[in-house]
Amino acid sequence: MNKLSNFYASALFDIALQKNVIDDFYAQALLILDALSDKDFLHILVHPQIPASEKQEIFKKAFSEQLHEDLLSFLFLTTDKNREANLVPALKSLIELIKKHNKIVTARVLSASAYDTNQAEALREILSKKLKKQVELDLKVDPSLIGGPYIFVDGYYIDWTVKKRLRDLTVYMKEGCGA
């Protein structure tokens, strides 16, 4: 299944490049994935007793005004071939290919409290300048960090959390304050 999903993603990416609709495919793939995150919608999609024609009609009603014809055709293809299980992995792979092409990285940020819009934008801008790439933020809250962020982006991690600093201080104290 993984090879087939990657094949689909690669083919969709090539189409997007040829037709110069990379950004459209990116936004539309995210839209489809968001819809598929609804368990009822996904349940209908993978149900073996619902015919492909009904699934395609659902796709038409949900997406025909919002999707590029090639993405809609891809949705139809997966139902025609009973490969609905490849849909989510293929779309995720397509998104990753587009992000790599557009030099977009996702920074996973853990913090003790939620960032407001201005703080998040400031962090995104700082990371974008440092990495020379577009940065998307995946913000999560973990109160156990006490304060400060933990950031993982593009293979790097930055741990400015109070929890880590307290841990480092404990080690320092146990080792005799550097003496």
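Normalising by the residue count of the stretch 103-174, find the relative contact order in percent from Cα pairs under 8 Å and 6+ residues apart.
38 percent
At 0.36 nm per residue, minus the direct Cα-Cα distance, what do E54 and K129 gain on full extension? Give it in nm, one decimal, please.
Length gained, E54 through K129: 22.2 nm.
What longest region of the chain stays clear of GluC sites (Glu not before Pro) that DSSP places outside H, G, I, E and B and that have at most 10 other Cβ atoms within 10 Å?
Value returned for the longest uninterrupted segment is 66-174.
If R₀ is 41 angstrom, what is the calculated FRET efficiency for the pair Y157 and V46, using the beta carbon separation as r and rounding to 0.05?
Result of the calculation: an efficiency of 0.70.
To one decimal place, what orientation-averaged projected area in nm² is obtained for the convex hull of the Cα set of the chain?
Taking a quarter of the hull surface, the average projection is 14.4 nm².
So which of K3/K140; K3/K81; K103/K140; K39/K99; K19/K81; K19/K55 end up more than 21 Å apart by C-alpha?
K3/K140; K103/K140; K39/K99; K19/K81; K19/K55
Tell me, what is the FRET efficiency for D24 and T106 to the nearest 0.05, using R0 = 22 angstrom and their Cβ-Cβ distance as r?
For D24 and T106, the calculated efficiency is 0.65.
When only Cα pairs under 8 Å and 6 or more residues apart are kept, what is the percent relative contact order across the chain?
Worked out over the chain, it gives 21 percent.
Can you show me the helix-derived [θ] at 222 nm for the chain, built from DSSP H runs with n ≥ 4 at -39,500 (n - 2.57) apiece and divided by the number of residues, rounded to the nearest 500. Spell out each step's value before the answer.
Values: 8 runs with 107 residues, N = 179.
The helix-only estimate for the chain comes to -19000 deg cm²/dmol at 222 nm.
Bear in mind that the values in this text are calculations on the coordinates, not laboratory data. None of the values given here were measured: they were computed from a predicted structure. All Cβ positions, glycine included, derive from the backbone under ideal geometry; neighbour counts span all protein chains shown.
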